[in-house]
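Enquirer: Below is one structure. I have some questions about it.
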């Protein structure tokens, strides 16, 4: 029996699970939450110490529940880029700037002006969510903090340091979020120099380790705090959704993983570099050697539905469930509403952090079920638009696996399948990131020859769900309106975003 302890640090909390590699079974699961602060419009912050304390609580509970203290390896996946600013001993100097934070929109646009071949790996510029624009913002607006910081890193790097005492970066995060040359395994300091942050190169973790390779061993005191009697190996993980590709078994080119939760992430691989204008990538060797990773998605998704349910309608969890059932009934008819899902900007295919949400067609006859149903439609259309534009770019999508919180909302799940208008495999396990980190640990332990073999052996089972042809036809008819309205309203949404940010700064 080979047991591995896995962690997935999400937006609202950390999940821990002990996985039996030989039996392909998750033996125990545990969770611990932490808080998010929204100090200004477009800002989102967390406290790294809360991550660490939650990880220790969840990890110890998972080990206790599994019935064994003998853990062979540990691996972590986290949100990205949730940026930590700290000293060399990992003491935070500033709140962690969460992945969804869009304060660095101006800086992200500035990255599009840098002329360097490696910038082509990110489609010619960085997203507002990434580490580099956030570091640029920090250098301009908090120069003393930027100068004092020994380390500027991902949440993953902070946690791995606390686990093993070494500053190490994941090749996945470096390739996808740091403008790292993952084809030639080297940093590109001239990019940071062109962006006015030449010292960032020395503040990043210097050792870059591929996903699924060994980093080192857990510190004895950390192992003891987790209730582990052995000295486990620490395997390199990566971005939570991207690690989920390993848990879904969609690593090969032509496969796509869609994870719907707070946001939506679409991940697929190309056999060679191609034109994916409007998307992030393709990144060489980000997850596995020899394939080019394409990243797409929506910044706001389940967060919009929770915002409507809780913040606007004042419902608890049971009330939200009742609202989903009411909205499922009204979704059978066309309410005449069109919602745009850009509450926190658009990740792809518009790559526009300054877009904002909108609801059009409102009348006094509409109620909250109509509004909620339209919000679900907008998120489904956003996902379908991603798939459609990728195919317009020549990307082959042959098999889709869907997972995440979306699977707990039957209205949202079926709407997305109907909007995509093709069969989708729905994962029976919503812990794909935990299974993916188990795959990484199994590879680091030498149990499989490569990550693809480990993924194929451990991938979660999935059931096929067919689209409803009538609803798919309605979504096809609405897609043109969704796209045209986005284009038409973009100037107005930009102006409103600027006014909101100006008002928040006063």
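Enquirer: Are there any pairs with C-beta distances below 7 angstrom linking a residue in the stretch 462-481 that is surrounded by fewer than 13 Cβ atoms within 10 Å (Cβ to Cβ) to a residue that is assigned to a helix (DSSP H, G or I) and modelled with pLDDT of 95 or more, with the two at least 6 apart or on different chains, and if so which?
Expert: Every condition considered, no pair remains.
Enquirer: Quick one: in the stretch 342-360, of everything that is part of a loop (DSSP other than H, G, I, E, B) and touching a strand residue (DSSP E or B) at 6+ places or on another chain (Cβ under 6 Å), which residue is surrounded by the most Cβ atoms within 10 Å (Cβ to Cβ)?
Expert: Taking the stretch 342-360 as the starting set, the residues that turn out to be part of a loop (DSSP other than H, G, I, E, B) are 342, 344, 347-351, 353-357.
From what is left, the residues that are touching a strand residue (DSSP E or B) at 6+ places or on another chain (Cβ under 6 Å) are 347-348, 353, 355, 357.
Details: 347: 27, 348: 25, 353: 25, 355: 23, 357: 17.
Top of the filtered list is 347.
Enquirer: Then there's this: Regarding the stretch 80-97, can at least one residue be identified that is at pLDDT below 95 and either within 18 Å of residue 167 (Cα to Cα) or under 21 Å from the mean Cα position of the chain (by Cα) (or both)? Let's see the steps before the verdict.
Expert: Filtering the stretch 80-97 down to residues at pLDDT below 95 leaves 80-81.
Retained after the next criterion (residues that are either within 18 Å of residue 167 (Cα to Cα) or under 21 Å from the mean Cα position of the chain (by Cα) (or both)): 80-81.
Yes, because at least one residue in the stretch 80-97 is at pLDDT below 95 and either within 18 Å of residue 167 (Cα to Cα) or under 21 Å from the mean Cα position of the chain (by Cα) (or both).
Enquirer: When the stretch 67-112 is examined, which residues are found to be within 24 Å of residue 342 (Cβ to Cβ), surrounded by fewer than 21 Cβ atoms within 10 Å (Cβ to Cβ) and in contact (Cβ under 8 Å) with a residue 40 or more places away in the chain?
Expert: 105, 110
Enquirer: Out of all the residues in the stretch 408-461, which are in a loop (DSSP other than H, G, I, E, B), farther than 19 Å from residue 6 by Cβ and free of Cβ contacts under 8 Å to residues at least 24 places away in the same chain?
Expert: 449
Enquirer: Moving on to the next point. Of the conditions (1) within 22 Å of residue 147 (Cα to Cα); (2) over 21 Å from the mean Cα position of the chain (by Cα), residue 129 fails just one. Which one is it?
Expert: Checking residue 129 against (1) within 22 Å of residue 147 (Cα to Cα); (2) over 21 Å from the mean Cα position of the chain (by Cα), the one that fails is (2).
Enquirer: While we're here: What is the residue count in the stretch 241-263 for residues that are out of contact with any strand residue (DSSP E or B) (no Cβ under 9 Å at 6 or more places or on another chain) and either closer than 22 Å to residue 457 by Cα or assigned to a strand (DSSP E or B) (or both)?
Expert: 1
Enquirer: Can I ask one more? I'd like the residue in the stretch 397-407 that is in contact with a helix residue (DSSP H, G or I) (Cβ under 9 Å, 6 or more places away or on another chain) and assigned to a loop (DSSP other than H, G, I, E, B) and, out of all such residues, is modelled with the highest pLDDT. Don't jump to the end; show me each part of the working.
Expert: If we filter the stretch 397-407 for residues that are in contact with a helix residue (DSSP H, G or I) (Cβ under 9 Å, 6 or more places away or on another chain), which is where we start, we get 397, 400-407.
Among the residues that remain, those that are also assigned to a loop (DSSP other than H, G, I, E, B) are: 397, 404.
Numbers: 397: 93, 404: 89.
Top of the filtered list is 397.
Enquirer: Looking at residue 370, is it out of contact with any strand residue (DSSP E or B) (no Cβ under 8 Å at 6 or more places or on another chain), at pLDDT 95 or above and in a helix (DSSP H, G or I)? Write out each step before concluding.
Expert: Working: out of contact with any strand residue (DSSP E or B) (no Cβ under 8 Å at 6 or more places or on another chain): yes; at pLDDT 95 or above: yes; in a helix (DSSP H, G or I): yes.
Considered against the rule, which asks whether it is out of contact with any strand residue (DSSP E or B) (no Cβ under 8 Å at 6 or more places or on another chain), at pLDDT 95 or above and in a helix (DSSP H, G or I), residue 370 comes out as yes.
Enquirer: Filter the stretch 40-74 down to the residues that are under 17 Å from the mean Cα position of the chain (by Cα) and not in a loop (DSSP other than H, G, I, E, B), then identify the one that is farthest from residue 161 (Cα to Cα).
Expert: The qualifying residue farthest from residue 161 (Cα to Cα) is 45.
Enquirer: Still on this structure, please answer the following. Within the stretch 264-307, which residues are closer than 30 Å to residue 318 by Cα and either assigned to a loop (DSSP other than H, G, I, E, B) or in contact with a helix residue (DSSP H, G or I) (Cβ under 8 Å, 6 or more places away or on another chain) (or both)? Outline the logic, then answer.
Expert: Filtering the stretch 264-307 down to residues closer than 30 Å to residue 318 by Cα leaves 264-266, 297-307.
Within the stretch 264-307, 264, 265, 266, 297, 298, 299, 300, 301, 302, 304, 305, 306 qualify.
Enquirer: Same structure again: Does the stretch 380-395 contain at least one residue that is within 19 Å of the chain's Cα centre (by Cα), in a loop (DSSP other than H, G, I, E, B) and touching a residue at least 24 places away in the same chain (Cβ under 8 Å)?
Expert: No, the stretch 380-395 contains no residue that is within 19 Å of the chain's Cα centre (by Cα), in a loop (DSSP other than H, G, I, E, B) and touching a residue at least 24 places away in the same chain (Cβ under 8 Å).
Enquirer: Related question: Report whether or not residue 173 is out of contact with any strand residue (DSSP E or B) (no Cβ under 9 Å at 6 or more places or on another chain), buried (at least 24 other Cβ atoms within 10 Å of the Cβ) and under 18 Å from residue 283 (Cα atoms). Talk me through it step by step, then tell me what you get.
Expert: Details: out of contact with any strand residue (DSSP E or B) (no Cβ under 9 Å at 6 or more places or on another chain): no; buried (at least 24 other Cβ atoms within 10 Å of the Cβ): yes; under 18 Å from residue 283 (Cα atoms): yes.
No.
Enquirer: Can you tell which of 154, 148, 129, 140 is closer than 14 Å to residue 81 by Cα and out of contact with any helix residue (DSSP H, G or I) (no Cβ under 6 Å at 6 or more places or on another chain)? First the steps, then the outcome.
Expert: On the way: 154 fails: out of contact with any helix residue (DSSP H, G or I) (no Cβ under 6 Å at 6 or more places or on another chain); 148 fails: closer than 14 Å to residue 81 by Cα; 140 fails: closer than 14 Å to residue 81 by Cα.
Just a single option satisfies the conditions, and that option is 129.
Here is a yes/no grid of residues against (1) surrounded by fewer than 20 Cβ atoms within 10 Å (Cβ to Cβ); (2) assigned by TED's automatic domain parsing to the domain that holds residue 150; (3) without any contact (Cβ under 8 Å) to a residue 24 or more places away in the chain:
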| residue | (1), (2), (3) |
| --- | --- |
| 177 | no, yes, no |
| 184 | yes, yes, yes |
| 209 | no, yes, no |
| 213 | yes, yes, no |
| 242 | no, yes, no |
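The values are calculated or read from the model by the stated rules, or taken from the named source; none is laboratory data. Note that the structure is a prediction, hence the values are computed from the model and not measured. Methodologically, a virtual Cβ is constructed for each residue, glycine included, from the backbone with ideal geometry; neighbour enumeration extends over all protein chains shown.
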